[in-house]
1. Would you mind checking K457/K481; K412/K475; K21/K51; K18/K161; K183/K227; K162/K478 for any pair whose Cα atoms are more than 18 angstrom apart?
2. With a 1.4 Å probe and all protein chains left in place, how much accessible area per residue does the chain have, in Å²?
3. Add +1 for every Lys or Arg and -1 for every Asp or Glu among the other residues with Cβ under 13 Å from the Cβ of E282, and state the total.
4. Quick one: if the Förster radius is 25 Å, what FRET efficiency do V348 and H123 give, using the C-beta to C-beta distance and rounding to 0.05?
5. With both bridge residues required to lie in region 180-310, what share of the DSSP beta bridges run antiparallel, to the nearest 5%?
6. What part of the accessible area of region 55-115, given as a whole %, is carbon or sulfur when the probe is 1.4 angstrom?
7. Suppose R0 equals 51 Å. What FRET efficiency, 1/(1 + (r/R0)^6) with r the Cβ-Cβ distance, do E172 and Q487 give to the nearest 0.05?
8. Averaging over all projection directions, find the projected area of the Cα convex hull of region 393-511 and quote it in nm² with one decimal place.
Amino acid sequence: MTSTEKSEKSQNKFEKFKAEKDGLAVKEELEHFAQIGWEAVDKTDLEQRLKWLGIFYRPVTPGKFMLRLRTPNGILTSEQTRTLGEILQRYGDDSSADITTRQNIQLRGIRLEDIPEIFSQLHATGMTSMQSGMDNVRNITGSPVAGLDGEELIDTRQLVKKVQDMITNSGEGNPEFTNLPRKFNIAIEGGRDNSVHAEINDIAFVPAYKEGELGFNVLVGGFFSSKRCEAAIPLNAWIPPTEEAVVGVSRAILEVYRDRGLRANRQKSRLMWLIDEIGLEEFRTLVETAFGQPLKSAAAEDVIDWDKRDHIGIHPQKQAGKSFVGMNIPVGRLSTDDFFDLARLAEVYGGSEIRLTVEQNVIIPHIDHDKIETFLTEPLLEKFSINPDPLTRSVVSCTGAQFCNFALVETKQQALNIAQKLDAELNIPNGVRIHWTGCPNSCGQPQVADIGLMGTKARKNGEMVEAVDLFMGGKVGKDAKLGNRVQKGIPCEDLPAVLRQILMDQFGATPK
Ligand code: SRM
Ligand code: SF4
């Protein structure tokens, strides 16, 4: 018996409950759950299976759920944006929302009894939260300026949408892909700057020319976990930028992962562990078989030749006379009113659309040049600046202790306070990207940042205190590479002084 077969024999508790009842099954029970109330719902349904529908029980705020949507390519219409505001509105002070590091939206304060109606609201405007958590494919990311960027290579919008539709059965739920060994991430990059940092996904499509034809090189196996972090490696496959190829190869890889992925140890279940186990050649052969045709070998080089842009500020589009405007949403946090305001701005000035970025910011596209001046006088731009100070501009943060029970530290507020304090104290010549993550799960991607901070605990003066491990050297865009942990256990209290010194020593900052 091979070790793969052996590991498939034994089952961890997640595999057991999935085998007993598929996560998607709770979709049919939502009305019933709404009637009996969350306290009476079976514990596994409540705490685990509901995540298959994007509904997250939060032990930190029992009874107030988080709803994780799917926002393919980070695009929302103004109507959808307004609907999200309407959903949140009923929860008053309990309500809030976040733009996630996967170009997506999470709503908070949601009551289980309202879910049937909320799902109808989402459905009516073409949104879904289906399969957005647990052992499913997460929100699929694509260039946030797809279709706007004059230098873009491939417009990813339809491709991302079609891959999502295949995986989720157009948002209705697809039992073919609801029992993967573990979570799974897909990114489709169409620009020259790798704006979605494709290399940290289980499947990444990156633009590449083969024999003069533009298509995608396929990378596989990128992931972060508390035990191991890896950048994706080349599958040695090039595909044309067609729906058939991108959807087909995504499906083939998912089928191989579903049927052959390791399931015994959840710490060793992500795709890269399977590739390690059977070897890249064998994995590629299995993918070809599932795809039903041979794959062409990879193009020699991909076309990621730009440094990453953050899209903040005013940028001319490829459409003459139009610009997109990137607004800085500090640590991605949105209120109910923000949704209404963003929807209005998109309608009055733009093309009734907003875009989200993996830096947790918002872009409003299609603003006529002659409307920009008035647009800039809108009060919302005081809150969401188009010209923020350098650290505030690029700080990214995961949810942290406010709502996440894995967190070892509070993240968002601290991240923002420290960025603002250091922005006030220092002249910082170039942008410095600081990413905060509340625990080793790395949702805030500290490994892609110039300075990454990962929550931990440390001893200070004999007492356990909130602290962070320090990561440095992450590079995104051209020649992307993951940063490494360079220092452990810096008490949060000491962090402003430590960061100040690093900014002066390594990033050319000077006191104001
Ligand atoms: Fe994450 C689990 C939040 C992006 C790696 N992540 C969680 C949970 C669901 C844990 C929980 O049940 O409380 C967090 C929900 C907290 C909450 O209430 O918001 C959570 N992850 C997030 C978000 C919201 C962080 C953010 O503030 O932006 C991001 C949601 C993305 C989305 O829209 O779907 C988020 N998580 C990521 C990323 C970044 C990415 O995808 O680029 C990673 C690392 C990349 C990766 O997965 O390869 C990430 N999250 C994890 C892991 C570790 C996975 C592993 O293989 O071990 C966990 C824990 C787990 O799955 O067991 C986790
Ligand atoms: Fe929660 Fe940890 Fe993910 Fe932050 S990194 S959202 S603390 S699981």
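The values are calculated or read from the model by the stated rules, or taken from the named source; none is laboratory data. The shown structure was predicted, so the numbers you read here are calculated from the model rather than taken from an experiment. All Cβ positions, glycine included, derive from the backbone under ideal geometry; neighbour counts span all protein chains shown. We work out accessible area using only protein heavy atoms, side chains counted, and drop any ligands, DNA or RNA first. Shrake-Rupley method; radii C 1.70, N 1.55, O 1.52, S 1.80 Å.
1. Over 18 Å apart, Cα to Cα: K457/K481; K412/K475; K18/K161; K162/K478.
2. Per residue, the chain has an accessible area of 38 Å².
3. -2
4. It comes out at approximately 0.40.
5. The answer is about 85 percent antiparallel.
6. Of all accessible area on region 55-115, carbon and sulfur atoms account for 41 percent.
7. 0.60
8. 7.3
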